[in-house]
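Notes follow the structure.
Rule-based calculations on the coordinates, nothing more; no lab input. Predicted model, so just to flag it, every value in this text is computed and none were measured. As a convention, Cβ positions derive from the backbone with ideal geometry for all residues, glycine included, and neighbour counts pool all protein chains shown.
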Amino acid sequence: MGDLLITVAPTGAETTKADCPQLPTTLAELVETAQRCEAAGAGMIHVHIRDDEHRPTLDLGRLTDTVDALREGTGLVVQLSTGGSVHDPLDDRLKVLDARPDSCSLTMGTTNFGDDVFLNPWPFVQDLYQLSQERQVVPEFELFDLGQVHALHRLLDRFGLPYGGKVHVDLVMGVPGGMPGTADALVAAVAALPARTTSWSATGIGRSTLSVALASLSKGGHLRVGMEDVLTLARGVPVEHNDQLVSRAVELGRLAQRTPMTGAEARALLGLAA
Ligand code: KMH
Ligand code: ZN
């Protein structure tokens, strides 16, 4: 029985194919990546898609095809990003739920994102949350900062529990503009989580990936890894395939006496029907 959820975030919206040809951007590459990551120990996939020119897109037809292909080719929980890229309009981000994923990301507030702004105004957060309840999509609350932990309390107080009755959180740490990717910040964020939280994971961007993963395991949390968040295994050693990052997470979990969850076990953790 697995007790460690490993989520893989293989693509993201920030890295270009030209800069990183091994980034999975086509549907075939994404399915191949998902299958290898599932075999390595992932239970969920956090998906951003690209167009024919490898640019980020929220095209509904492509999103739907992607959800279908991942469901057919893997047993992973399929989570679509509603964050998209910093350039995506809020309306398009709401429409992501029309592709009927199992889960969607839901960021709890606006964050400086390097030189850009990742916009999540409170009315948008409320709309997206209510839509996820209506459409029976399980949200993963993405928390980039301590203030967003408090916002999650407000959201749950006002609108109640998510579809499925579970509250799953992901701490996204080390974004330039958000909370730092340190053990101290993770401990503070975890201590402030709502009591209704049933599971949480953490990911550290760039160089913070290992310290955040180790801190998360130390606090009993789950892990998110993938090329959305980090492109090197060590200084000067590029990631060649997302399954390397999943395998490393499995190994860290093994040292902490944790066993990776299957997709079916991840579904139970998140309150999704079998
Ligand atoms: N690409 C970032 C602007 C999410 O997927 O929900 C937002 C992001 C969060 O990646
Ligand atoms: Zn994302």
Revision key, fill the gap. With R₀ set to 35 angstrom, the calculated FRET efficiency between the beta-carbons of GLU251 and ASP65, to the nearest 0.05, is 0.55
Practice item. Over the stretch 6-270, calculate the relative contact order: mean separation of alpha carbon pairs under 8 Å at least 6 apart, over the residue count, as a percent. Key: 22 percent
Exercise for review: Report the label-to-label distance for VAL187 and HIS150 in nanometres (one decimal), using points 7 Å from each Cα along the Cα→Cβ vector.
Suggested key: 2.2 nm
Practice item. With a Förster radius of 22 Å, plug the Cβ-Cβ distance of GLU14 and ARG207 into 1/(1 + (r/R0)^6) and report the FRET value to the nearest 0.05. Key: 0.90
Check your understanding: By the gyration tensor of its Cα atoms, with a ≥ b ≥ c the square roots of the eigenvalues, what is the shape of the stretch 39-186: rounded for a/c under 1.5, prolate for a/b over b/c, or oblate?
Key -> rounded
Study note, to complete from the structure: In order over the stretch 167-173: 3J(HN,Hα) from phi, Karplus 6.51/-1.76/1.60, θ = phi - 60°, whole Hz, x for each Gly or Pro, gives 10, 10, 10, 10, 8, 9, 10
**Study point:** Three-way shape call for the stretch 79-154 based on the alpha-carbon gyration tensor, with the a/c threshold at 1.5
**Key:** oblate
Practice item. Evaluate E = 1/(1 + (r/R0)^6) for GLU72 and LEU233, where r is the Cβ-Cβ distance and R0 equals 25 Å; express this FRET efficiency to the nearest 0.05. Key: 0.25
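To the nearest µm²/s, what D does Stokes-Einstein give for the chain at 4 °C and 1.567 mPa s, using the Kirkwood radius over alpha carbon pairs as Rh?
71 µm²/s
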Review point. Label ALA28 and ASP3 with points 7 Å out from Cα along Cα→Cβ: what is the distance between them in nm?
Key: 4.3 nm
Point to revise | Nearby lysines by direct alpha-carbon distance to LYS166 (threshold 25 angstrom, same-chain neighbours under 8 apart not counted) | key: LYS95, LYS219
**Study point:** Pairwise label distance in nanometres, ASP51 with GLN130, each label 7 Å out on the Cα-Cβ vector
**Key:** 3.2 nm
Practice item. Just report the Cα centroid separation between the stretch 182-252 and the stretch 99-152, whole Å. Key: 19 Å
Study note, to complete from the structure: Quick shape check on the stretch 128-171: root eigenvalues a ≥ b ≥ c of the Cα gyration tensor, a/c under 1.5 is rounded, otherwise prolate if a/b tops b/c, else oblate, and it reads prolate
